[in-house]
1. Mind listing just one residue for me: the one in segment A:15-53 that is more than 7 Å from every other protein chain (Cβ to nearest Cβ) and assigned to a helix (DSSP H, G or I) and, of those, modelled with the highest pLDDT?
2. Limited to segment C:328-364, what total is found for residues that are closer than 17 Å to C:TYR430 by Cα and either outside any helix (DSSP H, G or I) or acidic (Asp, Glu) (or both)?
3. Looking at C:PHE92, C:PHE120, C:PHE116, C:PHE142, which is the one that is touching a His at 6+ places or on another chain (Cβ under 8 Å), in contact (Cβ under 8 Å) with a residue 12 or more places away in the chain and either assigned to a helix (DSSP H, G or I) or not polar (S, T, N, Q) (or both)?
4. Which of (1) more than 17 Å from F:ILE45 (Cβ to Cβ); (2) at pLDDT 90 or above; (3) more than 10 Å from chain F (Cβ to nearest Cβ); (4) crowded, with 24+ Cβ neighbours inside 10 Å does D:TRP44 not meet, given it meets every other one?
5. Among the residues of segment A:63-70, are any surrounded by 18 or more Cβ atoms within 10 Å (Cβ to Cβ) and touching a residue at least 12 places away in the same chain (Cβ under 8 Å)?
6. With closer than 29 Å to A:PRO25 by Cα and not aromatic (Phe, Trp, Tyr) as the only criterion, which of B:LEU253, B:LEU180, B:LEU235, B:LEU249 stands out?
7. Being modelled with pLDDT under 80, over 21 Å from the mean Cα position of the chain (by Cα) and either assigned to a helix (DSSP H, G or I) or at negative phi (or both): is that true of C:PRO433 here?
8. Filter segment F:86-102 down to the residues that are more than 14 Å from A:PHE70 (Cα to Cα) and not charged (D, E, K, R) and list them by number.
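The values are calculated or read from the model by the stated rules, or taken from the named source; none is laboratory data. All values derive from a computational prediction rather than experimental measurement. With ideal geometry, Cβ positions are generated from the backbone for all residues, glycine too; neighbour counts draw on all protein chains shown.
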Amino acid sequence: MNRTVAFFVTMLTGLLLIYSTLDFPPWGSPNQPGSLHVSPRYIEKTLEETKVPNAVTSVLADYRGYDTMFETSVIFTAGVAVMMLLRRKKDG
Amino acid sequence: MITQHFPALIVVLPLMVSFIVFVVGIFRVRWCLPLVLTTLGLCVYFSVDMLYRVITEGSPIHYRLGGWEPPWGIEYVVDYLNGFVLVGISVISFFAGMYLKESIRDEALKSKMPQFYTLFLLQVTGLLGITVTGDVFNLYVLLEIASFSAYAIIAMGSRGADFAAFRYMIFGTMGACAYLLGVGYLYIATGSLNMGDLSMLLPKLYSSKTIIVGFVFLLSGIGIKMGMFPVHTWLPDSYSLAPPGVSVLLAPLFTKVGAYVLIRVMFTIFHPSFSTDIYPVTDTLSFIASIGVLFASVLALAQRDVRRMLCYLIVAEMGYIVFGVASANHYGLIGAIFHIVNDMFMMASLFIVAGVVFNETGTSDMDGFKGLHRKMPVTSFVLLIGAFSIVGVPPTCGFFSKWYLVLGMIEAGRYFSLTVLLISSLINAVLFFRLIEITYFEVKEEGAYKIGEKNTPFSFDNLSLYSLIPMVFYASMVILLGILSGTIVEHIIIYALPQAFKG
Amino acid sequence: METESPFLPVLTLIIPSFVSLLILFTGKRRPNLREFWTLAGSFAMFFSVWSMLDSVLKGRSLEYHLAFIYPDLSFSLKVDVFGMIFALLSSFLWMVVSVYSIGYMRGLNEQNQTRFFFCFAIAILGAAGVALSGNLITLYMFYEILTLSTYPLVSHKENREAIKAGRKYLVYLIGSSVFILLAMGITYHLAGTLDFVPGGLFDRGDNNGVLRFLFLLFVIGFGVKAGIMPIHEWLPSAMVAPTPVSALLHAVAVVKAGVFCVLRVILYVFGPEMVVNLGIWFFFAFFVSLTVIFANIIAINQDNLKRRLAFSTINNLAIIILGATLLTPDAMKGAYLHMFFHGFMKITLFMCAGAIYVKTHKELISEMEGIGRQMPITMAAFTVGALGLFGIPPVCGFISKWYLCMGAAKTEGIIFLLVFLLSALLDGVYFIPIIYSAFFKEVKGGRSIKGEADLSIVIPIVTTGVFSLLLTFFPDFFFRVYTLSDMAVKIVRGG
Amino acid sequence: MIQELNFIILLFAVITAFSALKVKDLLSSIVLLSAFSFFMCLIWTEMGAVDVAFTEAAVGAGVSTAFFMAALYNTTRRTKD
Amino acid sequence: MMMDFILAKFNYWVYVVLIMIGFYGMMTKKNLMKKLIGMNIFQWSIILFYISIGSKKNATLPIIMDIHSHAPSAADYINPLPHVLMLTAIVVGVATTGIALTLLVLIYKRYGTIEEDEVIEALKK
Amino acid sequence: MVRDVEDVIIKTIARIMVPIMQVYSLYVYVHGHISPGGGFQGGCIMAASFILLAVAFNLGEAKRRLKEKAIAVFCSLGVFIYAWTGVVPLFFGGNFLDYSKWSHILPGGEVMARYYGMAFIELGVQIAVMAVMVSIFLDLVTAGRHEEVLGKDDDGFYSR
């Protein structure tokens, strides 16, 4: 791609992103919506509901376990893809 | 009852069978095809059953994965919109699976059939999952599954396919990353990932810069994945070079699923007024799509390679859908939704014809179609029906979606886009009648075909049933969808519209 | 006869489609059976149309809804007086043409006869559908079917010229259908319905500018098929097709369908009052008059008989449209009658040209000196047709032209009377020399072949020739055209 | 979390990322990418995302680099830009 | 005041810079391996963004060990959800890298080069 | 890295490191519930140990311990374990992946069943990740030619 076009597009993206940061909640603030809406339950209930102290594991494997299944499937897909693309028979 | 688990099973079953096929393929290749077909057949059953239940009960089916309630766990929702799209996807993929075996003639590829089937099923999993999911992040993961299998399968195609796949991968990853970024923006502002929850939380935040930029990123990510105009450049190469059997699955479905996600994002996650009243999103989209449709149509006109031409047509058809979405009214959206499913079948029938001809003549150049109708009457007839549908001749389904689109665009007053649509359908006519002329009126040179003169009573076109059945089925669906259009629109699509457009 | 069943219009459409399938499946192996199907189908279809005549005359209309489309629309068939005229014409002439084409195709031993008969049947399906359709969207569908099915007929010969003509045909017609689609959309948006209503769909209060634009769109859309002048170009070049096809194009189905659609739009979508109110009728009529004159002038210079006939067709179609546009009862009646009569006369002429081609392989008028002595019956029929178009009394063309002139005389635009007279005169200018040289000049280079063409070619010619004469004296004979057009005028004028 | 540390590591990350793209030898650029990955890993640890950091250490700096190396072994180190 | 503002946004700005670096590299580099590296940087910076969302001042790792004391309060622990999402994203990133490198090896095998323009040149023949 | 490496130090260290890494990966997996770590990380470390084997010794060494077909079976086995853990609750009236329904089979009540369920799926992830990573590495490093790994042959990759 043309360098000037690419530079222009990059700058545009950068400006857009910086523009958007103006409305971000401050970094590390405990009162941002991201920490208030869904996640408190994971922290407060993980022991009670799953007996797993590590909230990351409990969310990963249980609350959002379905995502993780597909994450593993992604890995599997990659494995099959590489196998199919590269491997060939000894006498082929 | 097992029926209540269909929303999960329709995704999980092909996934699980793909593992089984992978292992079974190491030992017994013969068992793969029946397994794949059974699975896809079950998927068809699941999707039809779910759509039927949605219609009879009149309310969407919610399914909680892991038993966790929605904003915390992942939820699957089947409503009129995605129930309808699901049926389209599963039906197309069933018949594409049937054709897959037949389409692979290459010896080197034949030894990899199990892997092929595995990736095929994963692809179907991804597409079905994208459609059925109600969680924005889950959508991302499924999108990646579908994309990965697409990259790999495309790379198995003819010369240059590996490079095309690489380019597709760069673009696709960019798109997925943009989508992920958009999801992040929504998350930082709301703290939720569930679509229904987001649609409730977002309206208060519409003036936030975060949300606007997030929306832009979501849209551009989806735009890349669905091959919208300025970022469509990956599409023609990769779909036209893919193995013919696979492009029957990929080309009709992947982009349409993207269009479905576009509708979801614009009208379910965000309230329609966000993109119509608050920000001029629809105007912009309509303008971009107009240019894209013109561009793609003109480029399609310049192609000699039929599959490549079809690929450019896909870009144009995506533009049509965007027209419908961008008119943002009753008829326009009916047109868009209807066109999603119509276009699946139209493109499937055309791509399967292109695939069959490619396999028989060894080329997908237009010259390969010379005098085709003498050797392969059924194939050329299917080509005829597909072509009529794309041009928009009444009894076929292409006309009806175009009709709704035109109505919607008139109502929205988008005369520029309307002109573009009409010009493009004119160009489509020129394109296809050139092809039909070659097929029906030009005489082939001797020895241009590999087909023998065998003329057994149950063999049409010298093709086996594995290619004939899908071909004839797709063509008949094109007509059937047209004839039943009124019923479909009245009983399904109207209810699939967002509340604001029901009127 | 009991004709109340709404199934009859459907039956009328099912017959040709069924026949086309039968032709397709039996065609390759058994040509005789295939031609039997064609004949049987054409007779059955005419009978089915004719049996609806009674109830139409009683003022009832038969309606049937084929398939539902969502916003209060459906593909619906509706038999009304105006449609009946066209349906009668096309179904009757299909019979004639199918007998003729069997003779013609066998005589010339043409290739791909199965495809020919198949497409022919489909084309008739399209024409009948256009005649019987109850709203614009149905009309559009059958119009497209008609277009697409005649395309293979036009490029039937599969040589370079034929393919080129076919391409031109398609580009023009598909292009026009885009305009129709747009116009339909706008119509639906404005009026909320697409059904044909005698006297128009639109309210007075609607935006005049948009309506004028809409009228333009419709005229461009349907006018292509009707051969209005700047967009008529496909019609002469389509003359490379076999003669039965030309006959079909010109007399039976295609251009007549175009004219029919234009009249439908003027009278049933806009309505006479609206057309006058919008102030477009004069411009439109003037425009069409130009077509009348120019087509005649061009026709004089053509040496190829079929091309000359083609321009004559353009002229006559324009006359029909002009008559309807004048909007006086007499002119409208004349237009209806001329639509019907012109079909008979023009098909006679074309079949004569074909007969000459089959027998002598001559296409140019300059080669046809003395042909009347070789083929007296054919040329006699030709004379009848030509005189009819000229407007000479014993042939039916006289009646319709009379009404047209009467109608024109009653409008303020007396100029249109002159147009009619001039066109008749010019008709004479290019037909009389043919007849003269055919009968009174010696054959060049000795006499080649004596005698008429095959019986299956002569019989249709004679039939239509005789009908052309009969309809003069008994315009209400058998088809009840006179009554029908009377009724049609009354319906449109509202009383 | 310590602001200054965060600041410095982020700076390093940017520098490594930039130079990974700038270096005209693919092997070096992969090593730099690996370093970038490692700095990212540090940032995340510092932000309290231990699981992610762990994964990143195992994947980004470990397996992924091994993949790159393996691919490099079968292609070329030469690059024009 | 200004310092506070900068500190509050600093992480986000760095991530923007990283995204721009990755994006620019992805678009302009002719070498396919370089493109890939750009892509990796792009993905990694998005992960940085997510992790930055999740961070919380005066909070500790999301591992709840004080079983015997009172019920844990959400403010004391870092938000685990972005971490989970990013674990998935990292895995996706590795898988992408794997497939991309495979394609790269294939391309090198067939055309003898991994420069984009040279590959296009080779394909034209 | 494909040829046999003639370096005693590397070989010795690798010989010591590989078992340690493997044990550590199991530790990471088992402790995933209470400390950072889990199936994915464990799988990666396990894969890294095999990669180390391949790098330090030769490819044959790694392949001798992990056969090609075994890798393929492990790949799908891992994900299959995951999916099956999710399917079993369907038989007991739960939703997909609702581990609490495992309590019908396992002791300890619904909450402990969730704990065990997570352990199962992490095991699946570990196996799958390990197998896939090793497989991808081996394929990449040999460019698919598992049997004859040395030298670059000039014939086309596929006979097409």
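1. So the residue we want is A:LEU15.
2. Number satisfying all stated conditions: 2.
3. When all the criteria are applied, what remains is C:PHE116.
4. Failed condition: (2).
5. Going through segment A:63-70, the residues surrounded by 18 or more Cβ atoms within 10 Å (Cβ to Cβ) turn out to be A:63-70.
After this cut, where a residue has to be touching a residue at least 12 places away in the same chain (Cβ under 8 Å) as well, the list is A:63.
Yes, segment A:63-70 contains at least one residue that is surrounded by 18 or more Cβ atoms within 10 Å (Cβ to Cβ) and touching a residue at least 12 places away in the same chain (Cβ under 8 Å).
6. Values: B:LEU253 fails: closer than 29 Å to A:PRO25 by Cα; B:LEU235 fails: closer than 29 Å to A:PRO25 by Cα; B:LEU249 fails: closer than 29 Å to A:PRO25 by Cα.
Step by step, each of B:LEU253, B:LEU180, B:LEU235, B:LEU249 is checked, and only B:LEU180 is closer than 29 Å to A:PRO25 by Cα and not aromatic (Phe, Trp, Tyr).
7. Numbers: modelled with pLDDT under 80: no; over 21 Å from the mean Cα position of the chain (by Cα): yes; either assigned to a helix (DSSP H, G or I) or at negative phi (or both): yes.
No; evaluated as a whole, the condition is false for this residue.
8. As a first pass, look at segment F:86-102 and keep what is more than 14 Å from A:PHE70 (Cα to Cα): F:87-95, F:98-102.
The answer is F:VAL87, F:VAL88, F:PRO89, F:LEU90, F:PHE91, F:PHE92, F:GLY93, F:GLY94, F:ASN95, F:TYR99, F:SER100, F:TRP102.
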